Each structure stands twice: as structure tokens, then as C-alpha cells.
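Structure first, commentary second.
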Amino acid sequence: MSIDGKRWIVVGLIAAVLGAFATIVVVQLKKGDPTTLPSALINKPFPEFSLADVQGTKQLTRADLLGKPALVNVWATWCISCRVEHPVLNKLAEKGVVIYGINYKDDNAAALKWLAEFHNPYQLDIRDEDGNLGLNLGVYGAPETFFIDAKGVIRDKYVGVIDEVVWREQLAAKYQALVDEAKP
């Protein structure tokens, strides 16, 4: 076989391998929903922590999250998607949805300004400036929202913007199930 023939065989093999790899990637992307990144913490207790609130008035711990089902929303002022999501969180809070915030890897003065300007939907707002709580939660970025039950167990996780359609079609029933479960 000539050198040109061998070269074409090598090129063909490389093309076949790249094609197979691309096919595998496309199939895997179609299978998965990027808003439901896996979490090893599902059905596990919310991690222990002791952090100040954004307002700087008190120290918060895991115990402060117990007693009622809630959304725990990871947000930041540098997060463009959080700006899109925030008005929906305000509406949900007005309707009685319990929302706790984790201000993730953010400047506290910027967070206070943000909450003053865009309103505060959070019943508790945890300051996680160094990102350690986010790390313990397996946070990839913001926004991410965890559903916790009244006992502080993480029951679900949503990655991405919660808009009105996402809430209505994907998340409202999950939250309501936790509320119903907590009723005596």
C-alpha cells in the first residue's frame, strides 16, 4: 500500500472516531435536562453551617431552616439570570411561598443595594461570601434552587431561572407536595 493510501486510512479512522464521539455527545445532551443536574444531596439533610445574614443582624444555622417547607435559592448580584428570576421570586413570596436565600460569592454591600432596589423575597438571607456553603451543596453557579422539607431534608434541586412557566409547569406541584406533606 502506498503512503497516500495509508494516510487516507488514518484520516478515515480519525474521522470515524470523531464522528462516533460527536454522536455520543449529542445523544447524552438530548437525554439530560440541564436544569436537573444530579445532586448526591437529594434526600439528605441540608448541610450544617453557621453564617451571618446579609443584613448583618444575626448568625444563621441549619436549625433556622427547619419547621416549614421552603425553596433555598442561590443568588448573586453578578448573576444576570438572577436578575431575570428575581421578580418571579418576589411574586412567589407574596403568594406565601417560603423562600430562603443564599447570597453566593458576592460583595455584601452590593447584595444589600440589590435587595433594597429589587425587593427582598427571602425570609432568611444567608451570606456565603467565600462560597463554602455553596461548595457543600454542590452548587455549580447561580441561580440554583433547592427544595427542602420541614425537617430540612433536600428533596429536589432546580438549576437555572425560575420563571412563571417553569414554576407553573415544573415546580409548583413539587413545592405544594412538600407543603401538603408537612400538614398534621
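The values are calculated or read from the model by the stated rules, or taken from the named source; none is laboratory data. On a predicted model such as this, the values are computed, not experimentally measured, just so you know. Cβ coordinates were reconstructed from backbone atoms using ideal geometry, including for glycine residues, and neighbour counts include every protein chain displayed.
Yes or no, residue by residue, for (1) surrounded by 15 or more Cβ atoms within 10 Å (Cβ to Cβ); (2) modelled with pLDDT of 95 or more; (3) of a type outside the set (Asp, Glu):
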site	(1), (2), (3)
ALA109	no, yes, yes
GLU117	no, yes, no
GLU129	yes, yes, no
PHE146	yes, yes, yes
ILE154	yes, yes, yes
VAL159	yes, yes, yes
LEU171	yes, yes, yes
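Of the numbered criteria (1) modelled with pLDDT under 95; (2) buried (at least 16 other Cβ atoms within 10 Å of the Cβ); (3) not in a loop (DSSP other than H, G, I, E, B), the one SER39 fails is (3).
In the set GLU48, GLU94, only one residue is modelled with pLDDT of 95 or more, exposed (fewer than 15 other Cβ atoms within 10 Å of the Cβ) and within 23 Å of GLY138 (Cβ to Cβ); that residue is GLU48.
Those residues that are of a type in the set (Ser, Thr, Tyr) and touching a strand residue (DSSP E or B) at 6+ places or on another chain (Cβ under 6 Å), I need them from the stretch 121-177; list them, please.
To start, the set of residues in the stretch 121-177 that are of a type in the set (Ser, Thr, Tyr) comprises 122, 140, 145, 158, 175.
Those that are of a type in the set (Ser, Thr, Tyr) and touching a strand residue (DSSP E or B) at 6+ places or on another chain (Cβ under 6 Å): TYR122, THR145, TYR158.
Per-residue answers, yes or no, for (1) touching a residue at least 12 places away in the same chain (Cβ under 8 Å); (2) crowded, with 19+ Cβ neighbours inside 10 Å; (3) closer than 24 Å to VAL153 by Cα:
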position	(1), (2), (3)
LYS44	yes, no, yes
ASP64	yes, no, yes
VAL72	yes, yes, yes
SER81	yes, no, no
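For the stretch 128-163, residues that are touching a Phe, Trp or Tyr at 6+ places or on another chain (Cβ under 9 Å), in contact (Cβ under 8 Å) with a residue 40 or more places away in the chain, outside any helix (DSSP H, G or I) and not small (Gly, Ala, Ser) total 15.
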